[in-house]
Amino acid sequence: MSTSQQPASSSSSPVSPAAPERPPEPPSRTSPGSSPETGSGTPTGGTRRGIGAAVWGGYAAAVWAAVYGIVALNWTISGKGFPFGPDAFTRSSPLLREVSPQAGAPVFAAVLLVTTVALLAMAGRHAVMPGRALRVSLLAFGWTVTAVLLVGVPTVDVLALTGYAPMLILGAPFGWPSDVDYSRVLDWSLLNQFWSLAGGFLLAFAVLSWQRRSRGACSRCGRDDDHRPGDGLRVLAWSRRATITAVVIPLLYAASRFAWAVHIPLGIDDAMLRFLWDSGAVWAGLGLASFATVGAILTLGLVRRWGEVFPRWVVGLAGRRVPVKLAVIPAAYVVPIVITGGIGIMTSPELVNMTGYSPVLIATHLLWPLWGVALAVATYAYYLRRRGACRTCGREG
């Protein structure tokens, strides 16, 4: 992103023209026995907060893995409850569609219990700091399990429910939609997918914190003594292209649904359009299109001034800085479910047998994994640009 688009108030930005002419003195090199957060043997209050987050994050992830591991042991012993495989085909991800309960349940249990042990080794003030080979092995294992939980377990149903959520929440008190059985929508298989997402985010936080600490960097921000303010410029340079990609793809999806709502068969034949109107599915599509459009507009805020400072029409907040987490946390949730939703559509056996839909319309859905990756890059660049000095280690840039 060019520096001309940085708001004047973002003095903490590494590329802001308002940055101080004389950078602060870098912290001293970490001496043996010192805290990797500050480079000194006496942690500051900020360091205690940073270490505290790493501690609770690691232990929370370990508890989650232990609970899920015990549940998987119950699947193994009882032979019931396994939420994947051929018997749950419509609610199984591509990775787990053909996994039988007899084979999958014990593997789940073993992996989750081993994950619990690994997370306990990474958690706490006295987390293990092994040699290079063991460190790489632990990180590879931790990130693999995290990726499976975030992208391998969820299905397109998570994305669909997220899109339908506003309609379901607003319509529930009025009995609309009338044909929705919430007990079937929120069944065990779908609840398990949300549980896996929650665990995936906990694992990501725990593994990332330990990865940073084990290389002597700040567990909160990842910066170390060798960090330079320009280290994130390459990501920032990609932010505009990534943001445009993450805006255009959902708008392509929304365009067809808006067209159907006004009786224009964009990407479908007349028979399919009649079916959508007769079944009422066109209104569900309109709701999803509205959700996608709002998401695209908010994504654009990642590179616009109003994404950093609330505009004057926001009553009560006009002129105040937008909290970084207000943009980052929702985007972090959307990234994996968009990617897994796209993968689910791409690998669906029904894709080749779909009738009434044009190849161009189907292709817009196949772009969803790219949408997720682009949104991740755009959000990370936004975070780098706005994060400022770390409250734990004091480093900037």
_For the stretch 319-397, size of Cβ-based charge dipole, Lys and Arg +1, Asp and Glu -1, in debye_ = 760 debye
*Where labels lie 7 Å past Cα in the beta-carbon direction, separation of Gln102 and Leu326 in nm*: 5.6 nm
_If you filter the stretch 256-362 for chymotrypsin sites (Phe, Trp or Tyr not before Pro), then keep DSSP loop positions with at most 11 other Cβ within 10 Å, what is left?_
Trp313
*Please identify every one of the trypsin sites (Lys or Arg not before Pro) in the stretch 102-152 that sits in a loop by DSSP and has no more than 13 other beta carbons within 10 Å of its own beta carbon.*
Arg125
_Euclidean distance of C-alpha centroids, the stretch 90-114 and the stretch 300-337, integer Å_ = 38 Å
*For Met129 and Ile77, FRET efficiency with R0 = 45 Å and r from the beta-carbon atoms, rounded to 0.05?*
0.75
*What does the highest-first list of 59-68, 138-147 look like by mean Cβ count within 10 Å?*
59-68, 138-147
*On average, how much accessible surface per residue is there in the stretch 274-397, in Å², for a 1.4 Å probe, leaving out ligands, DNA and RNA?*
52 Å²
*Whole-Å semi-axes of the stretch 204-308's equivalent ellipsoid (Cα gyration tensor)*: 44, 16, 11
*Report the GluC sites (Glu not before Pro) located in the stretch 297-397 that are in a DSSP loop and have at most 13 other Cβ atoms inside 10 Å of their Cβ, or state none.*
Glu350
*asked:* How much length would be gained if the chain were fully extended between Ser358 and Leu317, taking 0.36 nm per residue of separation minus their Cα-Cα distance, in nm to one decimal?
replied: 10.3 nm
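The values are calculated or read from the model by the stated rules, or taken from the named source; none is laboratory data. All of these numbers come straight from a predicted model, not from anything done at the bench. Neighbour counts run over all protein chains shown; Cβ positions are idealised from the backbone, glycine included. Accessible surface is based on the protein model in full, side chains and every heavy atom, while ligands, DNA and RNA are left aside. Shrake-Rupley method; radii C 1.70, N 1.55, O 1.52, S 1.80 Å.
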